[in-house]
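Here is the structure we will look at.
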Amino acid sequence: MKSQTQQQHQDELAEAAIDLLERAGASETFIEFVRRFPETNASRQVQSWLESGLLADDNAEAGKPHSGGFFFDELWAGNVEVAYGSADLANKRRLDEVL
């Protein structure tokens, strides 16, 4: 069962960030991953960018603010097989749910 905080995060991401992530070049798989799994490092990184203004309406077209690590970057780019190959077991399970 999702906590109220997790649900709130998902709602905020869905409302505020999906368009920004798309404009910044995030793959559909990345967007679904962070939307569905708010407890992941990837999702927390996106939330941090949103809260700090590193990813905002006026700078989204510039792309992602910085690297989030190999798994993150490959998933961002839509290189799902490469991301999957480098994922830990927990993220492999999550990707299985997304795909």
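The values are calculated or read from the model by the stated rules, or taken from the named source; none is laboratory data. Only a predicted model underlies this, so the values are computations on that prediction, with no experimental measurement involved. No Cβ is skipped: glycine too gets one built from the backbone with ideal geometry, and neighbour counts run over all protein chains shown.
Just a few scattered comments:
- Helices (runs of 4 or more DSSP H) completely within the range 8-70 that count 3 or more residues being loosely packed, with under 14 Cβ neighbours inside 10 Å and either in contact with a strand residue (DSSP E or B) (Cβ under 8 Å, 6 or more places away or on another chain) or not basic (Lys, Arg) (or both): 41-52
- The residues on offer are Leu89, Leu75, Leu95, and the sole one that is more than 19 Å from Glu22 (Cβ to Cβ), crowded, with 18+ Cβ neighbours inside 10 Å, of a type outside the set (Asp, Glu) and modelled with pLDDT of 90 or more is Leu95.
- Set Ala60, Ala42, Ala83: member being closer than 20 Å to Glu22 by Cβ and within 12 Å of the chain's Cα centre (by Cα): Ala42
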